[in-house]
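Inspection log for the structure reproduced underneath, given as structure tokens.
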Number of protein chains: 2
Amino acid sequence: MSTSAAIEALKQALKVLPGVGPKNAQRMAFHLMERNREGARDIANALNYALETVRSCERCNTFCESLLCDICSSAKRNQSLLCVVETPADLEAIEQIGAYRGLYFVLMGRLSPLEGVGPEKLGFVKLNKTVAENEITEVVIATNITAEGDATADYTQQLLAPYDITISRLARGVPVGGELEYMDQRTLAAAFKDRRSAD
Amino acid sequence: MSTSAAIEALKQALKVLPGVGPKNAQRMAFHLMERNREGARDIANALNYALETVRSCERCNTFCESLLCDICSSAKRNQSLLCVVETPADLEAIEQIGAYRGLYFVLMGRLSPLEGVGPEKLGFVKLNKTVAENEITEVVIATNITAEGDATADYTQQLLAPYDITISRLARGVPVGGELEYMDQRTLAAAFKDRRSAD
């Protein structure tokens, strides 16, 4: 037990952060109170501001501060192409390529029976609505190439099957720069199975 | 760049936490906004409450919410014994043994030229005052047994040399349960050098 109840309460509160255990929470609490009170105030203010302003985009479900996010409200984006991703971080990773000019839909997670995340906890109802109400001709499912990501992709594919749209999934294969000698068997097998015609 | 400026600001703010880089800050921000808004509010409130209430004990320099901490204001503690530690976490570790009944002094860090921490950034002025103004007969220097902790201990020892008090340091040696075969050379050398008389 700390000599300060306020520090103790702060430690408890910090433990909700992902990947932060009791020791780490204590280190953070001591660091903020002893070495960076300004930083602590910044965090508190940023949290309160985000809690007040951050909501979900009506169309793509990503974080934003208005009805529609910047991407959904941009006239420059291809309105007929929709890319389904797990998280806003994935959206940002794809935006950084700079090659994709369609819209997104962010599920806000992946199906994970072990963590108690079923379809009802993800954005599938909104996805259905977005596809139904917009002129979308192709959906690219870009979930992670993991067991949970694949299950999420399968579910998405089934959900969208009734619509008359092209559904595609990300190519699986050897990453650029990858050496076959060091590649795991499942990746190599996928690269063989999904081999493309030489052009 | 995030689609939300508030999330972006939150990520920046969270990066001041020790051990938290950009990726981790993003994960924390997304987690709080998507999965645990109540937890986010708890953190903001705990930070603000701690910023308002947490101060340094007038005597021992540890975190507390009143003029003197619970330990310094307790009549049950031995007022003539002072244990100098680096951090409140070290104080708590020693309290958990349950065997030490004296007072503490918390330096709030260790000397570290590499991190720009000189004596002026630690509690040495207050330590001098605490030793001068109280009836202390023995000081146990309990800094970490590291290069920085040892340098901090040496500095403390020099600072307190003018006083007519006994100064001791923690025993170095093989930890309880330690096997000699797996002990590093410096620990073994210290255990030999500081060998105690068999009783």
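For this structure, a couple of remarks:
- Long-range HN-HN contacts of A:TYR104 with modeled amide H, under 5 Å: A:CYS83
- This ranking places A:ASP194, B:ASP154 by how few other beta-carbon atoms lie within 10 Å of each, fewest first, which gives A:ASP194, B:ASP154.
- Kirkwood Rh and Cα Rg combined as Rg/Rh, region B:76-169: 0.94
- Between the alpha-carbon centres of region A:77-131 and region B:36-57 there is a gap of 34 Å.
- Cross-link partners of B:LYS126 among lysines, defined as those whose alpha carbon lies under 17 angstrom from its own and excluding same-chain residues fewer than eight positions apart, are absent.
- Proxy reagent accessibility, fewest Cβ within 10 Å first, across B:LEU82, A:LEU180: A:LEU180, B:LEU82
- Karplus-derived 3J(HN,Hα), 6.51/-1.76/1.60, for each residue of region A:103-112, Hz, glycine and proline x: 9, 10, 9, 9, 6, 6, x, 9, 4, 8
- Nearest-to-axis residue in chain B, judged by Cβ distance to the rotation axis that brings B onto A and given in whole Å, is B:ALA44, 2.
- Antiparallel content of DSSP bridges confined to region A:1-129, in %, to 5: 40 percent
- For A:GLU135, the point set 7 Å out from Cα toward Cβ sits 9.1 nm from its twins in the other copies, listed from shortest up.
- Karplus-derived 3J(HN,Hα), 6.51/-1.76/1.60, for each residue of region B:75-85, Hz, glycine and proline x: 6, 7, 8, 6, 6, 9, 10, 10, 10, 8, 10
- Counting from the shortest, the label point at A:PRO18, 7 Å from Cα toward Cβ, is 2.4 nm from the same position in each remaining copy.
- Applying both filters, DSSP loop and at most 11 other Cβ atoms within 10 Å, to the trypsin sites (Lys or Arg not before Pro) of region A:99-153 gives A:ARG101.
- With label points defined 7 Å past Cα in the direction of Cβ, position A:GLN96 shows copy-to-copy spacings of 3.8 nm, given to one decimal and shortest first.
- Counting Cα-Cα pairs of the protein assembly as shown in 10 Å increments starting at 0 gives whole-percent bin shares of 4, 17, 21, 18, 14, 12, 9, 3, 1, 0.
- Taking A:LEU103, A:LEU32, A:LEU67, A:LEU81 and counting other C-beta atoms within 10 Å, the order from fewest to most: A:LEU67, A:LEU81, A:LEU103, A:LEU32
- In chain B, helical runs assigned H by DSSP with n ≥ 4 each contribute -39500 (n - 2.57); averaged across all residues and rounded to the nearest 500, the mean residue ellipticity at 222 nm is -13000 deg cm²/dmol.
Rule-based calculations on the coordinates, nothing more; no lab input. Computed from a predicted model, the values in this text were never measured in an experiment. Cβ coordinates were reconstructed from backbone atoms using ideal geometry, including for glycine residues, and neighbour counts include every protein chain displayed.
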